[in-house]
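Undergrad: Got a structure here, written out as structure tokens. Questions coming.
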Amino acid sequence: MNWALVLIGFALAVFTGSALASLFAAIRPAWTARRKRLVAASVLPAITAVATSLGMLFVATANHGQSEQMEDLAIAAVMTIGGGFTLLAWIGGVVGATLATRRRRG
């Protein structure tokens, strides 16, 4: 896998976490800073986890033809890559949301 893809994914996760933390600060001022950070950081990983699940479901239900034995390997690959990007999105979202809330306080 190209490392640029990982770096771009992390940068997008940081940006998304930061943007969502700022949005939640504007539309939900009653929430605590910790709750805003947690919700902002968990939106992108939730979307990534749903996309990974849909990808696994697609592989499992697709017509494989003669290469039926490769289904387990394909599902494992989709799960590994999707899980990695879900973790990357979580870490990037936490970093972005934390930076956004610190900027707002200071």
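Undergrad: Looking at the P(r) of the chain, how many percent of alpha-carbon pairs lie beyond 19 Å?
TA: So the pairs more than 19 Å apart make up 52 percent of the total in the chain.
Undergrad: Helix 33-61 versus the longest principal axis of the chain: what is the Cα-based angle in degrees, 0 to 90, to the nearest 10?
TA: Tilt of helix 33-61: around 10 degrees.
Undergrad: What percent do you get for the relative contact order of the chain when only Cα pairs under 8 Å and 6+ apart count?
TA: 50
Undergrad: Which percent of the accessible heavy-atom area of region 34-106 goes to carbon and sulfur, probe 1.4 angstrom?
TA: Of the solvent-accessible surface of region 34-106, carbon and sulfur hold 66 percent.
Undergrad: If you put +1 on each Lys and Arg Cβ and -1 on each Asp and Glu Cβ, how big is the dipole of the chain around its Cα centre, in Debye rounded to 20?
TA: Around 1200 debye, computed over the chain.
Undergrad: Any chance you could give the angle, 0 to 90 degrees and rounded to 10, that helix 3-27 forms with the longest Cα principal axis of the chain?
TA: 40
Undergrad: Still on this structure, please answer the following. Distances over 16 Å make up what percent of all Cα-Cα pairs in region 2-59?
TA: Tail fraction, whole percent: 54.
Undergrad: While we're looking at this one, here's another question. TRP31: accessible area at probe 1.4 Å, nearest 10 Å²?
TA: Here the residue's solvent-accessible area equals roughly 60 Å².
Undergrad: In the chain, if the dipole is taken from +1 on Lys/Arg beta carbons and -1 on Asp/Glu beta carbons about the Cα centre, which of ALA62, GLY83, ALA19 is farthest to the positive end?
TA: Value computed over the given set: ALA19.
Undergrad: Ranked by accessible surface with a 1.4 Å probe, highest first, in what order do PHE24, PHE10, PHE58 come?
TA: If we order PHE24, PHE10, PHE58 from most to least accessible, we get PHE58, PHE10, PHE24.
The values are calculated or read from the model by the stated rules, or taken from the named source; none is laboratory data. The model shown is predicted, which means the values in this text are computed figures rather than measured ones. Glycine gets a Cβ as well: all are built from the backbone with ideal geometry, and neighbour counts include every protein chain shown. SASA here: full protein model, heavy atoms, side chains in, ligands and nucleic acids out. Shrake-Rupley method; radii C 1.70, N 1.55, O 1.52, S 1.80 Å.
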